[in-house]
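Peer 1: One structure, as structure tokens, below. Some questions next.
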Amino acid sequence: MRGRLPQRQDGVALLLIVLVLFTSSAAVFLSAVNNTNVDLTVANNAQREMVEAKQTLLAFAMAYAELFPDNPPGRFPCPDTNNDAQGLPDFPCYNSNVPGRLPRRINTESGTSFMFSDHGMANDQRFWFAVSPDYVQGSSAVLNSSTPGMLRLDRQADIVAVLIAPGNLLNGKSGGDSSPANYLENANARGTNFVSNRAANPSTFNDRVLPIYRHEVMTLVTAQVVELVRGVLTTYYIKHGNTLPEDEDFFREALAAAALPAWFAENHWDTVINYELPEENKNRADISFTGCAITYTVSFERPDIERDKASCEGHP
């Protein structure tokens with residue numbers, strides 16, 4: 001019995017040493033986890049607010065024709081290039097796709113303000129923002145479903161706008177002004193060909209980039225345009241004894257005779273709309289758009305406009 005006690009004491013001592021080592025290691029581990037969690041929380045908050053800002057920008061583009069009458073839907077605000085306290089867009093901006101800050105707000109022609117995002121105002125970490133020239137406010141370029149986005153992200157093309165969360169300043173960047181080169185890495189500071197941080201070294205590159213694709217914009221805009229087309233077809237249907245235009249020529253004549261918004265013809269929407277009257281049912285018409293994979297069906301047997309796809313993505 002006497003010979004076992006030291007072994008038990010040694011065992012207790014060893015257990016205490018293991019507990020001390022475990023506690024020390026756990027403290028270091030938890031500290032690292034806490035630091036990582038802080039970084040992840042900041043990154044996740046930025047990502048969440050970027051998604052919210054993207055949704056707001058898409059809502060703005062969809063409502064653009066109402067906010068700025070006689071202009072087509074689908075345009076985006078100019079960036080804020082001088083980083084002033086008001087955070088308003090700076091004009092003109094339609095000759096450049098170099099990023100500026102995402103505006104805090106924009107004043108519409110009705111006198112109201114359309115709010116975008118206040119993210120990062122307190123710590124000089126506002127989102128950066130760039131727009132393809134044909135899609136930006138103030139541009140006179142034709143804008144319809146076939147208008148390509150001129151921006152690129154990594155190997156992806158047909159992008160109409162990008163949002164960039166800059167992250168902490170790296171590589172001796174100074175910040176504190178309105179130059180994208182003092183916040184953004186590599187090609188992101190120059191515009192057009194943007195790069196994300198998914199395949200880069202986070203110690204030398206920490207930009208987070210969120211694109212807005214043409215198909216995302218045109219999924220919303222074509223839904224608006226097809227509502228106008230339904231109005232034209234309704235008028236024709238009533239006027240011609242409950243019949244629809246029998247072919248595309250008659251359909252285009254109906255479009256030309258209709259009282260449509262000026263932006264419709266000015267942006268050549270009449271040239272990108274395709275019309276088809278199915279043989280099996282003359283009370284419904286199929287409407288599609290060049291550059292969009294959706295086929296809409298306008299039927300006079302039911303009130304809703306049907307669509308065969310949820311998105312323009314995958315257009316020929």
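The values are calculated or read from the model by the stated rules, or taken from the named source; none is laboratory data. What you see is a predicted model; the values in this text were computed from it and never measured. Glycine gets a Cβ as well: all are built from the backbone with ideal geometry, and neighbour counts include every protein chain shown.
Residue-wise test of (1) at pLDDT below 90; (2) among the polar types (S, T, N, Q); (3) exposed (fewer than 11 other Cβ atoms within 10 Å of the Cβ).
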position: Arg2; (1), (2), (3): yes, no, yes
position: Val12; (1), (2), (3): yes, no, yes
position: Phe22; (1), (2), (3): yes, no, no
position: Leu40; (1), (2), (3): yes, no, no
position: Phe60; (1), (2), (3): no, no, no
position: Tyr64; (1), (2), (3): no, no, no
position: Gly74; (1), (2), (3): no, no, no
position: Asp80; (1), (2), (3): no, no, no
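Peer 1: Could you check the range 285-305 and list, in sequence order, the residues that are over 25 Å from the mean Cα position of the chain (by Cα) and either loosely packed, with under 14 Cβ neighbours inside 10 Å or more than 13 Å from Val226 (Cβ to Cβ) (or both)?
Peer 2: Phe300, Glu301, Arg302, Pro303, Asp304
Peer 1: Still on this model: I'm checking my understanding of the structure. Among residues of the range 100-119 that are touching a residue at least 60 places away in the same chain (Cβ under 8 Å) and in a loop (DSSP other than H, G, I, E, B), which one is nearest to Leu169 (Cα to Cα)?
Peer 2: Step one: filter the range 100-119 for residues touching a residue at least 60 places away in the same chain (Cβ under 8 Å), giving 100-102, 116-117, 119.
With in a loop (DSSP other than H, G, I, E, B) added as a condition, the list becomes 102, 116-117, 119.
Working: Leu102: 18, Phe116: 24, Ser117: 21, His119: 17 Å.
Top of the filtered list is His119.
Peer 1: Going through Asn97, Asn171, Asn123 one at a time, which residue ends up being buried (at least 20 other Cβ atoms within 10 Å of the Cβ) and outside any strand (DSSP E or B)?
Peer 2: On the way: Asn171 fails: buried (at least 20 other Cβ atoms within 10 Å of the Cβ); Asn123 fails: buried (at least 20 other Cβ atoms within 10 Å of the Cβ).
Answer to the check: Asn97.
Peer 1: Would you please list the contacts, defined by Cβ atoms under 6 Å and residues six or more apart or on different chains, that run from a residue in the range 217-240 that is over 19 Å from Asp304 (Cβ atoms) and buried (at least 19 other Cβ atoms within 10 Å of the Cβ) to a residue that is modelled with pLDDT of 95 or more and of a type in the set (S, T, N, Q)?
Peer 2: Matching pairs, first to second residue: Met218/Ser145.
Peer 1: Go through the range 263-294 and give me each residue that's touching a Pro at 6+ places or on another chain (Cβ under 9 Å) and closer than 18 Å to Pro69 by Cβ. Quick ask: steps written out before the conclusion?
Peer 2: Step one: of the range 263-294, the residues touching a Pro at 6+ places or on another chain (Cβ under 9 Å) are 263-264, 266-267, 269, 275, 277, 284-286, 290-291, 293.
Matches in the range 263-294: Trp263, Phe264, Glu266, Asn267, Trp269.
Peer 1: I need the full set of residues from the range 78-94 which are without any contact (Cβ under 8 Å) to a residue 60 or more places away in the chain, within 23 Å of Pro211 (Cα to Cα) and in a loop (DSSP other than H, G, I, E, B), in order please.
Peer 2: Within the range 78-94, Pro79, Gly87, Leu88, Pro89, Asp90, Phe91, Pro92, Cys93, Tyr94 qualify.
Peer 1: Right, next: Given the options Asn206, Asn283, name the one that is of a type outside the set (Ser, Thr, Tyr) and within 30 Å of Val98 (Cβ to Cβ). Give the steps one after another, and end with the answer.
Peer 2: Details: Asn283 fails: within 30 Å of Val98 (Cβ to Cβ).
When all the criteria are applied, what remains is Asn206.
Peer 1: Of the numbered conditions (1) out of contact with any helix residue (DSSP H, G or I) (no Cβ under 8 Å at 6 or more places or on another chain); (2) at pLDDT 90 or above; (3) over 16 Å from Ile164 (Cβ atoms), Val142 satisfies every one except a single condition; which is it?
Peer 2: (1)
Peer 1: Next question. Is there a residue being within 20 Å of the chain's Cα centre (by Cα), crowded, with 22+ Cβ neighbours inside 10 Å, in contact (Cβ under 8 Å) with a residue 24 or more places away in the chain and in a loop (DSSP other than H, G, I, E, B) anywhere in the range 179-189?
Peer 2: yes
Peer 1: Take the range 146-168 and flag every residue that is of a type in the set (Lys, Arg) and modelled with pLDDT of 95 or more. Walk me through it before giving the result.
Peer 2: Just the residues of the range 146-168 that are of a type in the set (Lys, Arg), to begin with: 152, 155.
Arg152 - this is the single residue of the range 146-168 that is of a type in the set (Lys, Arg) and modelled with pLDDT of 95 or more.
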